1. Which one is farthest from V90 (Cα to Cα) among residues in the stretch 29-68 that are touching a Leu at 6+ places or on another chain (Cβ under 8 Å) and among the acidic types (D, E)?
2. Would it be correct to say that S195 is surrounded by fewer than 14 Cβ atoms within 10 Å (Cβ to Cβ), among the hydroxyl-bearing types (S, T, Y) and more than 28 Å from K122 (Cα to Cα)?
3. I'm told W79 meets every condition in (1) at pLDDT 95 or above; (2) surrounded by fewer than 18 Cβ atoms within 10 Å (Cβ to Cβ) except one. Can you identify the failing condition by its number?
4. For the stretch 128-143, does any single residue satisfy the condition of being closer than 25 Å to F54 by Cβ, of a type in the set (S, T, Y) and surrounded by fewer than 20 Cβ atoms within 10 Å (Cβ to Cβ)?
5. Which of the residues spanning the stretch 207-231 are surrounded by 24 or more Cβ atoms within 10 Å (Cβ to Cβ) and either more than 7 Å from the ligand (Cβ to nearest atom) or more than 24 Å from K44 (Cα to Cα) (or both)?
6. Filter the stretch 34-57 down to the residues that are away from the ligand (no atom under 16 Å from the Cβ) and assigned to a loop (DSSP other than H, G, I, E, B), then identify the one that is nearest to the chain's Cα centre (by Cα).
7. Return a yes/no flag: does the stretch 199-206 have any residue that is surrounded by 15 or more Cβ atoms within 10 Å (Cβ to Cβ) and more than 16 Å from the ligand (Cβ to nearest atom).
Amino acid sequence: MEQIKKNLDKLEQRISVACEKAGRKREDILLVAVTKTASLEQIKAVYDLGYRCFGENRLPHLKESYEFISKFPQGQVQWDMIGHLQRNKVSAILPLVHRIHSVDSLRLAAEIEKTAAKLDKKPDIFLQVNCSAEEQKYGIDPNQAAELAHQISEQFHSLNLVGLMTMAEFTSDTHKITSTFRLAKDLFEKIKSSSFAPSCFGRLSIGMTNDYEIAIAEGATDIRVGSAIFA
Ligand SMILES: *Cc1c(COP(=O)(O)O)cnc(C)c1O
């Protein structure tokens, strides 16, 4: 578990430098620790270092980790669903999570709305937008994102539409990554300034291990980092 501390120290160091360069404050960026590959002991080590926001994309591992961490009551822990979400998994996922980063259709939003109302819950949701134009990636087309945001904020009252999420291509081409994040940021600003944007719309979930420094420079409020912590 020494390694986890070392990894987090190094990560925090680099986040701080990126914030400084961008003229931003560390506390304005939420680090979502992505637990996909992490053991329960590793997750506990991150928790013990004071981190309270975790992200997962598979239901079994989410459930197991959620239950394990719930046993340590000091401080509120928040779990985020970060990956592709099938509609038939919504009712199992929703009781465990505060936020969902991967809403990319009206049908999925409708399913979350229905379940949230039943549970008397109001989850935060991000629209996942495919700003990198990679064929196989999930996410709504950037040209349709504002319309979907409009529909969701108008029709669904058990959802807090808090912002946009985008994944950049996994590449060492920083220009490519920057332009993907800029597209997301422009879209974010456009929706934020529209008449239909809910007052809670203010978050941009961009940046992973490969590109969180670029994401911070481009305006990320949430970075979702796994490998840099757990590998
Ligand atoms: C796995 C994953 C991450 C974290 O990726 P790393 O490269 O391990 O930091 C972030 N977001 C999503 C949607 C993921 O699936």
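The values are calculated or read from the model by the stated rules, or taken from the named source; none is laboratory data. Computed from a predicted model, the values in this text were never measured in an experiment. Please note: Cβ atoms are built from the backbone with ideal geometry, for glycine as well, and neighbour counts cover all protein chains shown.
1. Applying the filter and picking the extreme gives E64.
2. It is false that S195 is surrounded by fewer than 14 Cβ atoms within 10 Å (Cβ to Cβ), among the hydroxyl-bearing types (S, T, Y) and more than 28 Å from K122 (Cα to Cα).
3. Tallying (1) at pLDDT 95 or above; (2) surrounded by fewer than 18 Cβ atoms within 10 Å (Cβ to Cβ), W79 fails exactly one: (2).
4. Taking every residue of the stretch 128-143 in turn, at least one turns out to be closer than 25 Å to F54 by Cβ, of a type in the set (S, T, Y) and surrounded by fewer than 20 Cβ atoms within 10 Å (Cβ to Cβ).
5. Within the stretch 207-231, G207, D211, A215, I216, A220, D222, I223, I229 meet the criteria.
6. Taking the candidates together, the pick is R52.
7. Yes, because at least one residue in the stretch 199-206 is surrounded by 15 or more Cβ atoms within 10 Å (Cβ to Cβ) and more than 16 Å from the ligand (Cβ to nearest atom).
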